[in-house]
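As structure tokens, the structure follows; a few thoughts come after it.
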Amino acid sequence: MSISEYPKLYKPENQKFTFLVVDDSMFMRNQISDILKEMDCLIIGEAENGKDAIEKCEQLKPDFITLDLTMPVMDGLQALQSLREKKFSSKVIVISALGQKEKVLDCIKLGAMEYIVKPFDDGDVAKRIHYVLKKSTAA
């Protein structure tokens, strides 16, 4: 299925889901943002490391965070741990080149809702994010 074939999902009162896109690669931030925009989601911020992500999460309070694991300053696992300790309500979707079972399990234990391995197919990312959004609207 292509990205445009997924039905658009919204929060109550027809508000768009908000995202903070976190990756040290501008190319990946742009690619992920493009997918989310095509799904009619709102990108409210970007960060290139975990420390910046925590600060922006405190300011912007996004509904969702897409989070890379391998980043300078503070990696994604450290950021995920910090988000959990601070009890942020943002839901996390990890998008990383690290596909080892142990890393996936660590992220799930720390509260990540989904784990997507790079390189990825845009349609597969849309499918998996659509599932997470649908799950959030059902809760």
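Computed from the coordinates by the stated procedures, all read-outs in this text should not be read as laboratory data. None of the values given here were measured: they were computed from a predicted structure. All Cβ positions, even for glycine, are placed from backbone atoms using ideal geometry, and neighbour counts span all protein chains on display.
Where (1) 30; (2) 66; (3) 50 are the candidate values, the label of the one calculated here for percent of Cα pairs over 22 Å apart is (1).
Restricting to DSSP H runs of at least four residues, report the calculated mean residue ellipticity at 222 nm for the chain, -39500 (n - 2.57) per run over all residues, nearest 500 deg cm²/dmol.
Mean residue ellipticity at 222 nm (helix-derived): -13500 deg cm²/dmol.
What separates the Cα centres of the stretch 55-88 and the stretch 23-41 is a distance of 17 Å. Less than 12 Å Cβ to Cβ from SER25, Lys/Arg counted +1 and Asp/Glu -1: what total charge do the surrounding residues give? Residues close to SER25 contribute a combined charge of -3.
For the chain, the longest principal axis of the Cα atoms and the long axis of helix 50-60 meet at an angle of about 50 degrees. Between GLU85 and TYR131, the contour length at 0.36 nm per residue exceeds the alpha carbon distance by 14.0 nm.
Peptide packing for 35-41, 100-106, 20-26 was compared via the average number of neighbouring C-beta atoms within 10 Å per residue; ordered from the highest value, the list is 20-26, 35-41, 100-106. Each Cα pair under 8 Å and six or more residues apart adds its separation to the average, and for the stretch 16-138 the resulting relative contact order is 22 percent.
For the stretch 33-48, backbone phi angles converted through the Karplus equation (6.51, -1.76, 1.60; θ = phi - 60°) give residue-by-residue couplings of 4, 4, 4, 5, 5, 5, 7, 6, 9, 10, 8, 9, x, 9, 9, 10 Hz, Gly and Pro being listed as x.
If the segment from LYS101 to VAL73 were pulled out straight at 0.36 nm per residue, it would be longer than the present Cα-Cα gap by 7.7 nm. Charge tally around VAL73: other residues with Cβ under 10 Å, Lys/Arg +1 each, Asp/Glu -1 each, net -3.
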